[in-house]
Amino acid sequence: MFEDLFRSLGLGELNHGVAGALGDQAGGEPVIRSINPATEEPLPAVRCASLEDYDRVVERAAAAFTRWRMTPAPRRGEVVRLIGEVLRAKKKELGLLVTLETGKIRSEGEGEVQEMIDMCDFAVGLSRQLHGLTIASERPLHRMIEQWQPLGPIGVISAFNFPVAVWAWNAMIAAVCGDTIVWKPSPRTPLTAVAIAGIVQSVMRENDCEGVFNLVVGGLDLGERMIADPRLPLISATGSCAMGRRVAEVVGRRLGRALLELGGNNAIIIAASASIELAIRATTFAAVGTAGQRCTTARRLIVHESLHDQVLDRLAAVYKRLPIGDPWDAGTLVGPLIGEQAVQAMQAALAAAKSQGGEVVHGGERLDRPGYFVTPALVKARPDMPIVGVETFAPILFVMTYSDFDHAIAIQNGVEQGLTSAIFTNDLREAERFLAASGSDCGIANVNIGTSGAEIGGAFGGEKSTGGGREAGSDSWKAYMRRQTCTINHGDQPPLAQGVRFDVSET
Ligand code: UN1
């Protein structure tokens, strides 16, 4: 049914899970196949990288780094600009492939490709703005500067739910910073990665810069090899908190750098003064968009007691009318979960919620059709229910109530994760209290906007168990470079800092 699409993206029945330079035909055993989560039908297969393939790719990425780091940054930006052009031309096709492999709806599939394009544009501008500082020296006839140098070949491990956008957050910034990139995508979404790698390779080949963007498809053993590899000074990883802990441990042991973007358990506060219709619409997107499989998905709703029943009723009415179905059909808003395990995890979380005193007000059923479809669930809950503290990667929204504003903030902050947060209020003081040092403890805090759907211009990431990393916009680029402090003496005396005297004589 989708053969033309695969062909237009250079995909065949069996594809190579290794890319980076001409002659990359390797890729050994095993062969993996992602499945279309809306039909349970297998998609074209991908050969995994063997550990030998991996070693070769890293060696090449290291060799390419020695050239790439000396390529002027604006010239690196020009190559990234050309990648953005090709992505623009293939936006529709790539978006559909994302839809087929992840189950996210068309508009979100294309949105993800747009996020890559936005990252290219951002990185192009950045390539002329990797600014350092001039610092006043305390010594006469001395000058201090701080400059930023490329870091090396870096490792990027990405998750299934944003199979290409998160790669672009890392890869486009790293590339203009002068790094080369070794990318291990989720084994659940290898096909999108192979398609992107193919597109990028054609640009790199034409511009004689092969080896900058590299791909290795594989499973856990490959991931373990990567995180322990001292040739990769930085590992940027997106995934669960459990996975992030493992990455932090292994990278920390070798004193490498880990940039972690892990789980979220994001809350929305609806205050008494909120515009309810705005809050309902935004909450619904945040809770059920991407079938609840974003790290930014709203999982907890904290509603002022005066609005609690009304908000719950109105949300239930919206949930009842949600179009659930084939993600490539125009009009569908909720596609399938990624797989059987995700359906099971959702069922288990709902069972736990009931046994802990929660009440499922709407949804939570599995649809009787092929694919991993569920109805998004609304659950009346209390903040002290243990399951409310758990991130289940599925559309479950726990609805709670509060009377005192400080208590709402305490509930919001009372989980182990700290990615995103939001408040709906028309009260300026409440909004400011939410954004104050004593307010939200998350990496992202929004007012009258839901928890998900961040723009790339800001730094993306969160605190506590979310891992502390920041990717994409603002000054996130600094994580991909090494900072160098330089002091230059243009006099003929060697004065020492802190007034230290160390007079020596030759005679
Ligand atoms: C993720 O789920 O890992 O803010 C990233 C958002 C998207 C990125 C989500 N731009 O929802």
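Rg then Dmax, both in Å and based on the Cα atoms of the chain: 24.7, 95.
Site pair Ala351 and Asp313 shows an inter-label distance of 3.4 nm when each label is modelled 7 Å from Cα along Cα→Cβ.
Modelled label positions at Leu5 and His142, each set 7 Å beyond Cα in the direction of Cβ, lie 6.3 nm from each other.
Sort segment 266-456 into rounded, prolate or oblate with this rule: let a ≥ b ≥ c be the square roots of the eigenvalues of the Cα gyration tensor; rounded if a/c is under 1.5, and if a/c is not under 1.5, prolate when a/b is larger than b/c, oblate otherwise. Taking the square roots of the gyration eigenvalues as a ≥ b ≥ c, segment 266-456 is prolate. How much of the calculated P(r) for segment 385-500 lies past 22 Å, in percent of all Cα pairs? Result for the distance tail: 50 percent.
Counting only DSSP H runs of at least 4 residues, each contributing -39500 (n - 2.57), and dividing by the residue count of the chain, the helix-based mean residue ellipticity at 222 nm comes to -11500 deg cm²/dmol. For segment 182-188, 3J(HN,Hα) computed residue by residue from phi via the Karplus equation (6.51, -1.76, 1.60; θ = phi - 60°) reads 10, 10, 10, x, 4, x, 7 Hz, glycine and proline entered as x.
With the charge dipole of the chain set up from +1 on Lys and Arg Cβ and -1 on Asp and Glu Cβ about the Cα centre, the Cα lying farthest toward the positive end among the listed residues Pro42, Leu94, Tyr480 is that of Tyr480. Measure nothing but the geometry: give the 0 to 90° angle between the long axis through the Cα atoms of 190-206 and the longest principal axis through the Cα atoms of the chain, rounded to 10°. Helix 190-206 sits at roughly 30 degrees to that axis. Starting from the Cα of Cys486, move 7 Å in the Cα-to-Cβ direction to define the label point; list residues of segment 124-147 whose amide nitrogen is under 14 Å from there. The answer is 131-135, 143-147. The relative contact order of the chain comes to 17 percent, based on Cα pairs under 8 Å that sit 6 or more residues apart.
Given R0 = 41 Å, the distance between the Cβ atoms of Glu41 and Ser275 translates into a calculated FRET efficiency of 0.40.
For the chain, give me the percentage of DSSP beta bridges that are antiparallel, rounded to the nearest 5 percent. Counting DSSP beta bridges with both partners in the chain, the antiparallel share is about 40 percent.
Computed over segment 229-332, the range of Cα coordinates on each principal axis works out to 55, 37, 18 Å, biggest value leading. Where does helix 51-68 land angle-wise versus the long Cα axis of the chain, in degrees 0 to 90, nearest 10? For 51-68 against the chain, the angle is about 60 degrees. Counting only aspartates and glutamates at least 8 places from Lys91 when in the same chain, those with an alpha carbon closer than 14 Å to its own are Glu108, Glu110, Glu112, Glu115, Asp118. Over all other residues within a Cβ to Cβ distance under 15 Å of Gly125, the charged ones net out to -1, with Lys and Arg as +1 and Asp and Glu as -1. Along the axis of the charge dipole computed for the chain (Cβ charges of +1 for Lys and Arg, -1 for Asp and Glu, origin at the Cα centre), the listed residues Phe460, Leu133, Leu419 are led at the positive end by Leu133.
Just to confirm the number: angle between the C-alpha axis of helix 91-102 and the first principal axis of the chain, 0 to 90 degrees, nearest 10? With both axes taken from Cα atoms, the answer is about 60 degrees. Using the Cβ of Val251 as centre and a radius below 13 Å, the other residues enclosed give a net charge of +4, where K and R count +1 and D and E count -1. The gain in end-to-end length when the Glu224 to Glu249 segment is fully stretched comes to 7.9 nm, 0.36 nm per residue minus the alpha carbon separation. Each Lys and Arg contributes +1 and each Asp and Glu -1, all at the Cβ; summed about the Cα centre of segment 375-507, the dipole is approximately 220 debye.
Compared with the alpha-carbon gap, the fully stretched path from Thr507 to Glu29 is longer by 164.9 nm at 0.36 nm per residue.
Partners of Lys90 within straight-line reach, counting lysines whose Cα lies under 28 Å from its Cα and excluding those fewer than 8 residues away in the same chain: Lys104, Lys184. On full extension, the segment bounded by Leu367 and Arg128 gains 80.9 nm, given 0.36 nm per residue less the C-alpha separation.
Each Lys and Arg Cβ is given +1 and each Asp and Glu Cβ -1; about its Cα centre, segment 266-456 then shows a dipole of about 320 debye. Toward the positive end of the charge dipole of the chain, with +1 on the Cβ of Lys and Arg and -1 on the Cβ of Asp and Glu, the farthest Cα among Trp167, Tyr372, Val390 is that of Trp167. Calculated over segment 6-120, the projected area of the Cα convex hull averaged across directions stands at 8.3 nm².
Here, each number is a calculation from the coordinates, and none is a lab measurement. Keep in mind the model is a prediction, meaning the values are calculated, not measured. With ideal geometry, Cβ positions are generated from the backbone for all residues, glycine too; neighbour counts draw on all protein chains shown.
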